[in-house]
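The block underneath contains the structure these notes are about, expressed in structure tokens.
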Protein chains: 2
Amino acid sequence: MKQKIIDPWGSELLEDYEKIIKDFGLEIFGKSLFPNPNRIMRRGIVFAGRDLKIISDAIKHNKKFYVLSGIMPSNDKIHFGTKMVVENIKYFQEHGAETYILVADLEAASARGVALKEARKRALEFHIPAYVALGLDIKKTTFYFQSENKEVMNNAYEFAKKITLNEFEAIYGSADPGKIMAAMAQVADILYPQFKERTPGIIPVGIDQDPHIRLTRDIVRRLKEKKFFLPSSIYHKYTPSLDGSFKMSKSKPESCIELPEDIKSVKRKIKNALSGGRDTLDEHRRLGAVIERDMAFELMKQHLVEDDNELNKIYNEYKSGKMTSGELKEIACIKMEDFMNNFVKGIEQARKHIDRLIFVKFK
Amino acid sequence: MKQKIIDPWGSELLEDYEKIIKDFGLEIFGKSLFPNPNRIMRRGIVFAGRDLKIISDAIKHNKKFYVLSGIMPSNDKIHFGTKMVVENIKYFQEHGAETYILVADLEAASARGVALKEARKRALEFHIPAYVALGLDIKKTTFYFQSENKEVMNNAYEFAKKITLNEFEAIYGSADPGKIMAAMAQVADILYPQFKERTPGIIPVGIDQDPHIRLTRDIVRRLKEKKFFLPSSIYHKYTPSLDGSFKMSKSKPESCIELPEDIKSVKRKIKNALSGGRDTLDEHRRLGAVIERDMAFELMKQHLVEDDNELNKIYNEYKSGKMTSGELKEIACIKMEDFMNNFVKGIEQARKHIDRLIFVKFK
């Protein structure tokens, strides 16, 4: 019997994520696993992982472990998925993890054709400041550029010998030289904090990044010596598209919010978003909102309302029909404006401290 | 009309190499192309190339160009093919080329599973001294290890975006992650001397290495700016297996001579080699040797007799039947013993000067 994902505020996405857990062989994320879970852990948005117990043990017994993530500087926006990754990094950072952020400039070059110089510029001027604005503590974070990390590159070459093209295609669905090289660099990145000392580590990712985790774990299992801990991973759900479909995508710009984005445009999109309100006010008062399909509520649940009691109050009032869809969207717009203003200010603020970043010193 | 490969001492391999030239779209190597051609150029063993005129012009007009080759430190032996590569490097080095020798340790790791440390050790203790023993001038040669050359690795990632998996498979016949990464590193190596300044360059290779040349040239053509000269290449024939087949191979150890190898074992192999001698002495005197099929003669022609007049004399005496197959093999054995002794002594000598190697200084 498979345990149900518990989602206190309801979700129409249940089935899709159950399928992902089954197909990829993930562990279901139990909310009591980690102490003082963050907002997305408490609300079932973090829904799965791999080898999570070793990380919860490390937290509970003050053992050494690391959290690592990569910045892909392919453009000058991030999305809500990145925001959740940063929130999980922040969580583990606050719970004792050594924190590594790498700039995946080699991946940007080999998989997306972005020149290394351009990638470096974008990372320093936008991505790293954005991460800081979202809560990353740069004083406790170690940064590096893939292109400067010879150990990562050298290990990428050694690891490449451990996997066949068929295996690669089975994991990624397809293969091309750029993608293969990018993936091998990622494997080396994920293990980089263990090059000097074998310790557990956790990689917070969106589910679309799971192939990198699987590839890394496959390769670790094939290395002769027990050189590395299998990396753990933790997955969050997608922020759904404002039209109600599975995932925000730039291919549907009116249903996708980028970070940052002009607040007028964002408000327009929220006002046009799929709503849980009933067809008439009378019906709405009588039956209450179909809250599971309301994207403005989903945005507040995932991103805009930190306090559980506040969210609960909104939930109850909307569900009961006391609050209208228009009123709910108004609240969402106000919260979003606050968030976006703080985010943009935070980026500007963080840019001033960019010289304080701690970069790995390479020989 | 296709020009015939001119081979003054005859060769049964003519057809195979004509096919290679046609299939791969090579230029036929004309012996008068370069001034003072070396032994293997004079004797039609160097048989083809790509964009050779640009190199002959550079030599004739004292223009800047480079010759580059890689050491693959996958074991502690080289073969006659490597010897010919070094002889061609030496030729271009003596005719004004800036000379680069890289140690393909990343390739050894990703394509053959040799650890980087082991590869480094082998290169320093055996391969580089062997190259010096064969005529490389270390005072005029710049060395580097792939694994230390960030520029090469970074460019390998950028170049990977320029080629599809299908194109890679069309060039190499197959693809796997290790092979792809090794090939992309080779492309970057081949162009490395041009990273700072666009100049012609020539890569001496065995024909089995032509895929790297084709891949590099394809990628250079796809780069937006005319950033690099298309690299030129020059090809030598294989040293045939002692049983007369196309190429020496370790899979037939009795027909394959390694460098270095115990001279007793080598002499035994030469004595058992395919001979051009007739079935009876009487017949041999009357008809003369079938010199085209004589592997001991082929060894002397390719490797053991430097002087053309001396080789001509042996050719005429053997061809006329005056010299027996046994006598010819005796000469080949003596020449081989001289060569092998000098080679081994040369390696020992060169090891003493290994601290004088000029390595690229990386930041």
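The values are calculated or read from the model by the stated rules, or taken from the named source; none is laboratory data. This one's a predicted model, so the numbers in the text were calculated from it and none came from an experiment. Cβ sites come from the backbone with ideal geometry, for glycine too, and all protein chains shown count toward neighbours. For the accessible areas, the whole protein counts, side chains as well, though only heavy atoms, and no ligand, DNA or RNA atoms are used. Shrake-Rupley method; radii C 1.70, N 1.55, O 1.52, S 1.80 Å.
Does the stretch B:48-90 hold any residues that are aromatic (Phe, Trp, Tyr) and under 12 Å from the mean Cα position of the chain (by Cα), and which are they? Talk me through it step by step, then tell me what you get.
Kept after step one, since they are aromatic (Phe, Trp, Tyr), are these residues of the stretch B:48-90: B:65-66, B:80.
Selection gives B:Phe80 alone.
So which residues in the stretch B:224-246 are farther than 23 Å from B:Tyr91 by Cβ and in contact with an Asp or Glu (Cβ under 9 Å, 6 or more places away or on another chain)?
Correct list: B:Leu242, B:Asp243, B:Gly244, B:Phe246.
Does A:Glu337 qualify as being within 17 Å of A:Ser241 (Cα to Cα), in contact (Cβ under 8 Å) with a residue 24 or more places away in the chain and either open to solvent by 80 Å² or more (accessible area, probe 1.4 Å) or charged (D, E, K, R) (or both)? Spell out how you get there, then give the answer.
Numbers: within 17 Å of A:Ser241 (Cα to Cα): no; in contact (Cβ under 8 Å) with a residue 24 or more places away in the chain: yes; either open to solvent by 80 Å² or more (accessible area, probe 1.4 Å) or charged (D, E, K, R) (or both): yes.
For A:Glu337, the condition - within 17 Å of A:Ser241 (Cα to Cα), in contact (Cβ under 8 Å) with a residue 24 or more places away in the chain and either open to solvent by 80 Å² or more (accessible area, probe 1.4 Å) or charged (D, E, K, R) (or both) - is not met.
Can you tell me how many residues in the stretch B:60-110 are of a type in the set (Ser, Thr, Tyr), away from every other protein chain (no Cβ under 14 Å) and assigned to a helix (DSSP H, G or I)? So that I can check it myself, show each step before the final result.
Filtering the stretch B:60-110 for residues of a type in the set (Ser, Thr, Tyr) gives B:66, B:69, B:74, B:82, B:91, B:99-100, B:110.
Restricting the remaining residues to those that are away from every other protein chain (no Cβ under 14 Å) gives B:66, B:69, B:82, B:91, B:99-100.
Now restrict to residues that are assigned to a helix (DSSP H, G or I): B:82, B:91.
Of the residues in the stretch B:60-110, 2 are of a type in the set (Ser, Thr, Tyr), away from every other protein chain (no Cβ under 14 Å) and assigned to a helix (DSSP H, G or I).
Which of the following residues is closer than 23 Å to A:Ser110 by Cβ and charged (D, E, K, R): A:Glu261, A:Glu254, A:Glu167? Before the answer, list the steps.
Values: A:Glu261 fails: closer than 23 Å to A:Ser110 by Cβ; A:Glu254 fails: closer than 23 Å to A:Ser110 by Cβ.
Just a single option satisfies the conditions, and that option is A:Glu167.
Which pairs do you get when a residue that is in contact (Cβ under 8 Å) with a residue 24 or more places away in the chain and within 14 Å of chain B (Cβ to nearest Cβ), found in the stretch A:185-201, comes within reach of a residue that is part of a loop (DSSP other than H, G, I, E, B) and hydrophobic (A, V, I, L, M, F, W, C), reach meaning Cβ atoms under 8 angstrom, with the pair 6+ apart or on two chains?
What qualifies is A:Ala185/A:Ala104; A:Gln186/A:Ala104; A:Asp189/A:Ala104.
Among the numbered criteria (1) without any contact (Cβ under 8 Å) to a residue 60 or more places away in the chain; (2) outside any helix (DSSP H, G or I); (3) open to solvent by 50 Å² or more (accessible area, probe 1.4 Å), which one does A:Asn312 miss?
Unmet for A:Asn312, out of (1) without any contact (Cβ under 8 Å) to a residue 60 or more places away in the chain; (2) outside any helix (DSSP H, G or I); (3) open to solvent by 50 Å² or more (accessible area, probe 1.4 Å): (2).
Counting just the residues of the stretch B:151-164 that are in a helix (DSSP H, G or I) and polar (S, T, N, Q), which one comes out farthest from the other protein chains (Cβ to nearest Cβ)?
Residue satisfying both the conditions and the ranking: B:Asn155.
Spot the failing condition for A:Gly178; the list is (1) in contact with an Asp or Glu (Cβ under 6 Å, 6 or more places away or on another chain); (2) within 13 Å of another protein chain (Cβ to nearest Cβ); (3) open to solvent by less than 40 Å² (accessible area, probe 1.4 Å), and only one is missed.
(1)
Within the stretch A:232-241, is even one residue surrounded by 18 or more Cβ atoms within 10 Å (Cβ to Cβ), β-branched (Val, Ile, Thr) and under 30 Å from A:Asn149 (Cα atoms)? Please lay out each step first, then the result.
Start the filter on the stretch A:232-241 by keeping residues that are surrounded by 18 or more Cβ atoms within 10 Å (Cβ to Cβ), which leaves A:232-241.
This time we only want the ones that are β-branched (Val, Ile, Thr), so: A:234, A:239.
In the following step, the residues that additionally are under 30 Å from A:Asn149 (Cα atoms) were identified as A:234.
Scanning the stretch A:232-241, I find at least one residue that is surrounded by 18 or more Cβ atoms within 10 Å (Cβ to Cβ), β-branched (Val, Ile, Thr) and under 30 Å from A:Asn149 (Cα atoms), so the answer is yes.
For residues in the stretch B:121-145 being open to solvent by 10 Å² or more (accessible area, probe 1.4 Å), assigned to a helix (DSSP H, G or I) and without any contact (Cβ under 8 Å) to a residue 60 or more places away in the chain, which is farthest from the other protein chains (Cβ to nearest Cβ)?
Ranking the qualifying residues of the stretch B:121-145, first place goes to B:Lys140.
Of the residues that sit in the stretch B:340-363 and are open to solvent by less than 90 Å² (accessible area, probe 1.4 Å) and outside any helix (DSSP H, G or I), which one is modelled with the lowest pLDDT?
Pass one, the stretch B:340-363, residues open to solvent by less than 90 Å² (accessible area, probe 1.4 Å): B:340-341, B:343-344, B:346-347, B:350, B:353-354, B:357-360, B:362.
Those left that are additionally outside any helix (DSSP H, G or I): B:353, B:357-360, B:362.
Values: B:His353: 89, B:Leu357: 87, B:Ile358: 89, B:Phe359: 87, B:Val360: 88, B:Phe362: 78.
Top of the filtered list is B:Phe362.
What's the number of the only condition in (1) in contact with a helix residue (DSSP H, G or I) (Cβ under 7 Å, 6 or more places away or on another chain); (2) of a type in the set (A, V, I, L, M); (3) open to solvent by 40 Å² or more (accessible area, probe 1.4 Å) that B:Leu165 fails to meet?
Failing condition for B:Leu165: (3).
Answer yes if at least one residue in the stretch A:293-305 is surrounded by 13 or more Cβ atoms within 10 Å (Cβ to Cβ) and at pLDDT below 95, and no otherwise. Can you show your working first?
Residues of the stretch A:293-305 that are surrounded by 13 or more Cβ atoms within 10 Å (Cβ to Cβ), as a first pass: A:293-305.
Retained after the next criterion (residues that are at pLDDT below 95): A:293.
Among the residues of the stretch A:293-305, at least one is surrounded by 13 or more Cβ atoms within 10 Å (Cβ to Cβ) and at pLDDT below 95, which makes the answer yes.
Of everything in the stretch A:92-106, what is open to solvent by less than 10 Å² (accessible area, probe 1.4 Å) and either touching a helix residue (DSSP H, G or I) at 6+ places or on another chain (Cβ under 6 Å) or at positive phi (or both)? Give them in sequence order.
A:Thr99, A:Leu102, A:Val103, A:Ala104, A:Asp105, A:Leu106
Are any of the residues in the stretch A:205-227 open to solvent by less than 50 Å² (accessible area, probe 1.4 Å), closer than 16 Å to A:Ala97 by Cα and more than 22 Å from the chain's Cα centre (by Cα)?
No: zero hits.
Does the stretch A:274-281 contain any residue that is modelled with pLDDT of 95 or more, part of a helix (DSSP H, G or I) and surrounded by 12 or more Cβ atoms within 10 Å (Cβ to Cβ)?
Scanning the stretch A:274-281, I find at least one residue that is modelled with pLDDT of 95 or more, part of a helix (DSSP H, G or I) and surrounded by 12 or more Cβ atoms within 10 Å (Cβ to Cβ), so the answer is yes.
Output the number of residues of the stretch B:204-263 satisfying the condition of being assigned to a helix (DSSP H, G or I) and either more than 21 Å from B:Glu292 (Cβ to Cβ) or touching a strand residue (DSSP E or B) at 6+ places or on another chain (Cβ under 8 Å) (or both). Walk me through it before giving the result.
Here is the first cut: in the stretch B:204-263, the ones assigned to a helix (DSSP H, G or I) are B:207-222, B:253-255, B:263.
The next check asks that each one be either more than 21 Å from B:Glu292 (Cβ to Cβ) or touching a strand residue (DSSP E or B) at 6+ places or on another chain (Cβ under 8 Å) (or both); those that pass are B:207-222, B:253-254, B:263.
Residues flagged as assigned to a helix (DSSP H, G or I) and either more than 21 Å from B:Glu292 (Cβ to Cβ) or touching a strand residue (DSSP E or B) at 6+ places or on another chain (Cβ under 8 Å) (or both) within the stretch B:204-263 amount to 19.
Run down B:Glu118, B:Glu167, B:Glu148 and say which single residue is over 23 Å from the mean Cα position of the chain (by Cα), in contact (Cβ under 8 Å) with a residue 60 or more places away in the chain and within 14 Å of chain A (Cβ to nearest Cβ).
On the way: B:Glu118 fails: in contact (Cβ under 8 Å) with a residue 60 or more places away in the chain; B:Glu167 fails: in contact (Cβ under 8 Å) with a residue 60 or more places away in the chain.
Result of the check over B:Glu118, B:Glu167, B:Glu148: B:Glu148.
For A:Asn155, all conditions in the list (1) under 18 Å from B:Ala160 (Cβ atoms); (2) touching a His at 6+ places or on another chain (Cβ under 7 Å) hold save one; what is the number of the exception?
Condition (2) is where A:Asn155 drops out.
Output yes when any residue across the stretch B:31-40 is of a type in the set (S, T, N, Q), under 19 Å from B:Thr99 (Cβ atoms), in a loop (DSSP other than H, G, I, E, B) and modelled with pLDDT of 90 or more, and no when none is. If you could, list the steps in order and put the result at the bottom.
Step one: list which residues in the stretch B:31-40 are of a type in the set (S, T, N, Q), which gives B:32, B:36, B:38.
Still in the list and also under 19 Å from B:Thr99 (Cβ atoms): B:36, B:38.
The next check asks that each one be in a loop (DSSP other than H, G, I, E, B); those that pass are B:36, B:38.
Subsequent filtering for residues that are modelled with pLDDT of 90 or more retains B:36, B:38.
Checked the stretch B:31-40: at least one residue is of a type in the set (S, T, N, Q), under 19 Å from B:Thr99 (Cβ atoms), in a loop (DSSP other than H, G, I, E, B) and modelled with pLDDT of 90 or more.
Mind checking which pairs have a first residue in the stretch B:227-238 that is in contact (Cβ under 8 Å) with a residue 60 or more places away in the chain and a second that is surrounded by 24 or more Cβ atoms within 10 Å (Cβ to Cβ) and of a type in the set (Phe, Trp, Tyr), Cβ under 6 Å, 6 or more apart or different chains?
B:Lys237/B:Phe47
Here is a list of conditions, (1) farther than 23 Å from B:Ser74 by Cα; (2) open to solvent by less than 10 Å² (accessible area, probe 1.4 Å), and B:Glu158 meets all of them except one; can you say which number that is?
Every condition holds for B:Glu158 apart from (2).
So B:Ile263 passes all but one of these: (1) surrounded by 22 or more Cβ atoms within 10 Å (Cβ to Cβ); (2) under 24 Å from the mean Cα position of the chain (by Cα); (3) among the aliphatic types (A, V, I, L, M). Which condition number does it fail?
(1)
Would you point out which residue out of A:Ala109, A:Ala115 is at negative phi and open to solvent by less than 10 Å² (accessible area, probe 1.4 Å)?
Just one listed residue meets the conditions, A:Ala109.
For the stretch B:181-199, name all the residues that are open to solvent by 20 Å² or more (accessible area, probe 1.4 Å) and out of contact with any Leu (no Cβ under 9 Å at 6 or more places or on another chain).
B:Phe195, B:Lys196, B:Glu197, B:Arg198
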